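Any read-out appearing in this document is the output of simple, stated calculations on the displayed coordinates, not a laboratory observation. All values derive from a computational prediction rather than experimental measurement. Here the Cβ is made from the backbone with ideal geometry for all residues, glycine too, and neighbour counts use every protein chain on show.
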Amino acid sequence: MNRYEALAGKLARREKVIGTTMIMLDAPILIEKMLSPQLDFLLMDAEHGRFDTQNAIPMLHTCRMLGLPAFMRVQDSQYHLIAKAIDMGADGVMIPRVETLEQLRTVVDAVRFGPVGRKGAGGYAQFRPGERFEEFQRGRRVFIQIESRRGIDNLPAMLDAYAEHIDAVIIGPNDMSVMLGTPFDCKSPVMEAAVQEVFDISNARGKSCGIFCNDAADAAHYRAMGANVLWTASDLQFYCRGYAETLRELEAL
């Protein structure tokens, strides 16, 4: 079983899924060092990071050569942003600020060929080597981010209408904390209640769910609340932690 099939199975069975993020370090050579049996996916961030569908190509290509599922978090739920990411070799997309059925219709149109969607049949890396049409239609993953009260309220209807096209529901904690009136206090009572609500809605419908975690302690906290997708940390966080730890050790000599 390859990593793409393994990830699909874990998501369908709501097993633990581990991913991390590249935000600023545009260095394909790092991906080879990051490859690990524990890592289920690597996400290139085009919403808040430096990536777009041009400069992410070497990163996506390296993931493809290593057989590591690669996601792009696009800037918005717009056809050209989503379809181009798939064309350039993304194995999945993360869609921020999802609140409506109309947004999800756009996502499906951009990720699936007809008659299911409307994706154009082009792109230098939209197919993996040897991949068939039917495999493509089933083989691109979609994570939606819930980041507002409106998104939470509409989540049941969105999952009921588009369950077969949504692989996981992911909370963006910082944006949600802002939208719920407790800016950047991601553990406030209001936030904790909202996070639990999203997890409960997702789990009740047999859907994988998760949240961005700053570290393993965050991941343990949300795992206990019902999350199975542990999307944890970023290139800058890993760098800064290692850098700070080494400086502390040198200071103590």
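May I ask you to compute the full-extension gain from GLU15 to ASP76, defined as 0.36 nm times their residue separation minus their alpha-carbon distance, rounded to one decimal in nm?
Values: separation 61, 0.36 × 61 = 21.96 nm, distance 2.78 nm.
Result for the pair: 19.2 nm of gain on full extension.
Which residues does the label zone of HIS48 cover in the stretch 61-89, counting backbone N under 12 Å from a point 7 Å along Cα→Cβ?
none
Among 147-156, 202-211, how do they line up from the highest to the lowest mean number of other beta-carbon atoms within 10 Å?
Put in order of decreasing packing, that is 202-211, 147-156.
Rounded to the nearest 500, what is the chain's calculated 222 nm mean residue ellipticity when only DSSP H runs of at least 4 contribute -39500 (n - 2.57) each, over all residues?
-14000 deg cm²/dmol
Could you please rank PHE136, PHE199, PHE212, PHE127, placing first whichever residue has the fewest other Cβ atoms within 10 Å of its Cβ?
Ordered from fewest to most neighbouring Cβ atoms within 10 Å, PHE136, PHE199, PHE212, PHE127 come out as PHE127, PHE136, PHE199, PHE212.
Sort out for me the Cα centre separation of the stretch 198-253 from the stretch 35-53, rounded to whole Å.
Value for the Cα centre distance between the two parts: 15 Å.
Show me the ranking of peptides 67-78, 235-246 by mean Cβ neighbours inside 10 Å, starting with the highest.
Result, highest mean first: 67-78, 235-246.
Between ALA157 and ASP185, what FRET efficiency comes out of the Förster formula 1/(1 + (r/R0)^6) with R0 = 30 Å and r the beta carbon distance, rounded to 0.05?
Here the calculated transfer efficiency is 0.55.
List every residue whose amide H lies under 5 Å from the amide H of ILE95, counting only residues 5 or more places away in sequence or on a different chain, with H placed 1.01 Å from N in the peptide plane.
When sequence neighbours closer than 5 places are left aside, the close amide H contacts are PHE143, ILE144, GLN145.
In terms of Cα to Cα distance under 27 Å, which lysines are near enough to LYS10, apart from those fewer than 8 places away along the same chain?
LYS33, LYS84, LYS119, LYS207
Can you give the charge dipole size of the stretch 3-251 about its Cα centre, rounded to the nearest 20 debye, using +1 on the beta carbon of Lys and Arg and -1 on the beta carbon of Asp and Glu?
Numbers: 28 positive and 33 negative charges, 136 e Å.
Value, rounded to 20: 660 debye.
Neighbouring Cβ atoms within 10 Å as the yardstick, rank ILE170, ILE23 fewest first.
So the ranking, lowest neighbour count to highest, is ILE23, ILE170.
Give me a comma-separated list of calculated 3J(HN,Hα) values for the stretch 168-173, in order, Karplus coefficients 6.51, -1.76, 1.60 applied at θ = phi - 60°, integers in Hz, x for any Gly or Pro.
7, 9, 10, 8, x, x
What does the C-alpha gyration tensor say about the overall shape of the stretch 108-253? Classify as rounded when a/c is under 1.5, otherwise prolate if a/b is larger than b/c, or oblate.
oblate
Rank-order 157-168, 103-114 by packing density, defined as the average count of other C-beta atoms within 10 Å over each peptide's residues, highest first.
103-114, 157-168
In nm, give the distance between the simple-model label positions of ARG138 and ASN55, each being 7 Å from the Cα along the Cα-to-Cβ direction.
3.8
Give me, ordered by chain and number, the residues 5 or more places off CYS209 or on other chains with an amide H under 5 Å from its own placed amide H.
Those lying under 5 Å, H to H, from CYS209 are VAL169, ASN228, VAL229.
Put +1 on the Cβ of every Lys and Arg and -1 on every Asp and Glu Cβ in the stretch 22-79; which of LEU42, TYR79, MET65 then has its Cα farthest towards the positive end of the dipole?
In the stretch 22-79, that residue is MET65.
Distance between the C-alpha centers of the stretch 108-172 and the stretch 60-86? Whole Å please.
12
If each residue's Cβ is checked for other Cβ atoms within 10 Å, how do LEU253, LEU11 rank with the fewest at the top?
In order of increasing Cβ crowding within 10 Å: LEU253, LEU11.
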